[in-house]
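Notes follow once the structure below has been shown.
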Amino acid sequence: MTGLKTAADWQASAQRLRFSSGGFIDGDFRTLSGRELISINPATEQVLAAFPAASEANVDTAARAARHAFDDGGWPRMAPQQRAVVIKRLAALMQTHQDQLALIDTLDMGKPIAESAGFDIPQAIAAFQHAAEALDKRYDELAPSAEDVQVAIRREPIGVVAAIVPWNYPLLMAAWKVAPALAAGNCVILKPSEKSPLSALLLARLAAEAGVPPGVFQVLPGYGDEVGKCLALHHDVDCLAFTGSTRVAGMLQVYAGSSNLKRVWCEAGGKNPSLIFDDASLPSAADISALAIYSNQGEVCIAASRLYLHQPIADEFLTLFDRAAAAFVPGDPLDPATRLGPLVDADHLARVQGFIQRARAGGLKIRHGGEPVKVDGKGFYMRPCSIEDVPPQAEAMTEEIFGPVVALARFADEAEALRLANNTRYGLGACLWSNNPARINRLTRRLKSGLIWVNTWGEGDVTVPFGGMKASGNGRDKSLHAFDKYTDLKTIWQRFPADEG
Ligand code: NAD
């Protein structure tokens, strides 16, 4: 049905929408006692919801409830098939509420409804379905041993997992953590971003309706430097599952080190290269390269924000790329035809504009776009932007801008392309456009990147791991590998008494 809805349909649904507020703690919605949290629709600049965020005391209550649910409750102890039933029920409820979930994320952070309804929410549902399907298909091990000994190697849930997630894919990033962590038998406290807290609260309601017991899944909307920090320092939290910036990922490791050495899994930032060779199919390379930097307003960790062009085809490619970029016109995110919504808020728009201004002041040429604009007189929009001939050390080439801004540069040969691509502290995603199998083989081995796309960008499904190398993080979301993050290995060496008979 979603695909058939018009802008007017979505707007009418938005008028009827009611948001939950507060926090979901120990099985109930509660009024929180922290600083006020104000959620603003970046397309209209109007307040969507305002309520007190979580405080340190609220974190403590939730952490104790989770500890109790894990140490004394049924969730970690029940038969996996029983947990699977509950998680499948949650996935089914999400399916029933998928338009509502999509609408909430679009209103809360500005992504086009075509993306939230067509990608984010179906993928979030798939994460829960996959986790439920997978959880009783993983076996423990018996090690080879002498006859009078049995050595079991068991995977057990870690305990209390705090999932701290960003605003660019609010529900999807949460689902990639919460689904496998719950499936593995943990208790999870989800802290959504202060910029996009609302879909997590609906998820909490659906989880309770599905039968997730009190204390097993809780949601604490709140500020990073208060609620996030407090969770990261808390002694009842055993594991942090984080998606966000590399800066905060580093801080979490310090908090963990200065508290209880909790596990810290980080999906962090990216400054992802895309290499376009002269043997590539240029029309599709240009179309997909525009998508790779301008979809979701460039607020994408895997955005291909460094575009390196083989000299012989650079001009021809750029003509095609400009044409593809022109399709990203700022527009109402509730219109299914819109491909570029507003940036998440005024601060972020100002931050992205700062990069463009400094590039211009530093003598770089803005090839197209970059201007802030309003749609119907409102919103934190900007035109998609490209910056020409950006040198390797320039800020626009090294820093994650996290907006619709691409840095362009040219290379002479494969060796230079590889050097430029790997010349970064990040290692999340990389794209390679070529039809030369030997080159593809060489480069896919030598690019330092957790994800590599050849002649495409951004494709993947719930069965493949997602995550980065270097300062882009550790551990992987999605796939069976995600379970590794939420389980600990236990070795049980059992000696059998000598048998008289
Ligand atoms: P952010 O690091 O500012 O915030 C992420 C989360 O951390 C938020 O919930 C925030 O409240 C919390 N936080 C902030 N300060 C904290 C602190 N001191 N202690 C504990 N928690 C704290 O990132 P953002 O602006 O929300 O998101 C954008 C970033 O996320 C980009 O760098 C992007 O690349 C990254 N990201 C990475 C992936 C991935 O899979 N690698 C996916 C999506 C986004």
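Under 8 Å for C-alpha pairs, at least 6 residues apart: give me the relative contact order for the range 273-454, rounded to a whole percent.
Dividing the mean separation by the residue count of the range 273-454 yields 27 percent.
Given the options T398, W10, C385, identify the residue whose Cα lies farthest towards the positive end of the charge dipole of the chain (+1 on Cβ of Lys, Arg; -1 on Cβ of Asp, Glu).
Positive-end residue among those listed: T398.
Between D278 and R247, what FRET efficiency comes out of the Förster formula 1/(1 + (r/R0)^6) with R0 = 30 Å and r the beta carbon distance, rounded to 0.05?
0.20
Within the accessible area of the chain, what % is carbon and sulfur when the probe is 1.4 Å and the other protein chains stay in place? Intermediate results must be reported in sequence, preceding the final value.
Numbers: 10480 of 20140 Å².
Answer for the chain is 52 percent, counting heavy atoms of protein chains only.
What order do you get for 171-180, 137-146, 36-45, 186-195 when each peptide is scored by the mean count of other beta carbon atoms within 10 Å, highest first?
So the order, starting with the most tightly packed, is 171-180, 186-195, 36-45, 137-146.
Kirkwood hydrodynamic radius of the chain from all distinct Cα pairs, in Å?
After inverting the pairwise mean of 1/r, the radius is 23.7 Å.
Let me know the charge dipole size of the chain about its Cα centre in debye, to the nearest 20, where only the beta-carbon of Lys, Arg (+1) and Asp, Glu (-1) is charged.
Values: 50 positive and 56 negative charges, 89 e Å.
Magnitude of the dipole: close to 420 debye.
Using only the Cα atoms, work out Rg/Rh for the range 55-179, with Rh taken as the Kirkwood radius, to two decimals. Please report the intermediate quantities before stating the final value.
Values: Rg = 18.6 Å, Rh = 17.1 Å.
When Rh is taken as the Kirkwood radius, the ratio is 1.09.
For helix 346-361, what angle does its Cα long axis make with the longest principal axis of the chain, in degrees from 0 to 90 and rounded to 10?
40 degrees
Express in Å², to the nearest 10, the accessible area of H234 obtained by rolling a 1.4 Å probe over the protein heavy atoms while all chains stay in place.
Approximately 30 Å² of H234 is accessible to the 1.4 Å probe.
Which value in nm describes the separation of the simple spin-label points at T6 and T319, placed 7 Å from the Cα toward the beta carbon?
Distance between the two pseudo-spin positions: 3.9 nm.
Taking each pair of different alpha-carbon atoms in the range 1-120 once, compute 1/r for the pair, average those values, and report the inverse of that mean as the Kirkwood hydrodynamic radius in Å to one decimal.
That comes to 17.0 Å for the range 1-120.
Could you work out the relative contact order of the chain, using alpha carbon pairs under 8 angstrom and six or more residues apart, expressed as a whole percent?
About 18 percent, as a whole number.
Tally the DSSP beta bridges in the range 273-454 and give the antiparallel ones as a percent, rounded to 5.
On the way: 5 of 25 bridges.
The answer is about 20 percent antiparallel.
Please get the size of the charge dipole for the range 1-61, origin at its Cα centre, with Cβ charges of +1 on Lys and Arg and -1 on Asp and Glu, quoted in debye to the nearest 20.
In debye, rounded to 20, the range 1-61 gives about 320.
Rounded to the nearest 10 degrees, what's the angle between the helix 121-134 long axis and the longest principal axis of the chain, both from Cα atoms, 0 to 90?
The answer is roughly 30 degrees.
In degrees between 0 and 90, to the nearest 10, how far off the longest principal axis of the chain does helix 7-16 point, with axes built from Cα atoms?
40 degrees
Say the dipole of the chain comes from +1 at the beta carbon of Lys and Arg and -1 at that of Asp and Glu; which of Y169, L206, L261 then lies farthest toward its positive end?
L261
Starting from the 7 Å offset along Cα-to-Cβ, what nm value, one decimal, do you get for the label separation of Q81 and D461?
Between Q81 and D461, the simple spin-label model gives 2.6 nm.
When the Cα centres of the range 264-280 and the range 471-485 are compared, how far apart do they sit, in Å?
So the two Cα centres are separated by 17 Å.
Ranking request for peptides 410-416, 56-62: highest mean number of other beta-carbon atoms within 10 Å first, then the rest in descending order.
Ranked by mean Cβ neighbours within 10 Å, highest first: 56-62, 410-416.
In nm, give the distance between the simple-model label positions of W493 and L17, each being 7 Å from the Cα along the Cα-to-Cβ direction.
5.7 nm
Sort H310, H368, H235 by heavy-atom solvent-accessible area, probe 1.4 angstrom, most to least.
On the way: H310 15, H368 40, H235 125 Å².
So the residues, ranked largest to smallest area, are H235, H368, H310.
With every protein chain present, what is the per residue accessible area of the chain (1.4 Å probe, Å²)? The partial results should precede the final answer.
Numbers: 20140 Å² over 501 residues.
In whole numbers, the chain has 40 Å² accessible per residue.
Can you tell me how much longer the chain between I153 and T31 gets when fully stretched, taken as 0.36 nm per residue apart minus their C-alpha distance, in nm with one decimal?
39.6 nm
Can you work out the base-10 log of I(q)/I(0) for the range 273-454 at q = 0.08, 0.10, 0.11 1/Å, using the Debye formula on its C-alpha atoms alone?
Taking Cα atoms of the range 273-454 as identical point scatterers yields -0.24, -0.37, -0.45.
Dipole magnitude of the range 273-454 about its Cα centre, charges +1 at Lys/Arg Cβ and -1 at Asp/Glu Cβ only, in debye to the nearest 20?
420 debye
The values are calculated or read from the model by the stated rules, or taken from the named source; none is laboratory data. These figures come from a predicted structure and were not determined experimentally. Cβ coordinates were reconstructed from backbone atoms using ideal geometry, including for glycine residues, and neighbour counts include every protein chain displayed. Surface accessibility is based on the protein's heavy atoms, side chains included, excluding ligands, DNA and RNA. Shrake-Rupley method; radii C 1.70, N 1.55, O 1.52, S 1.80 Å.
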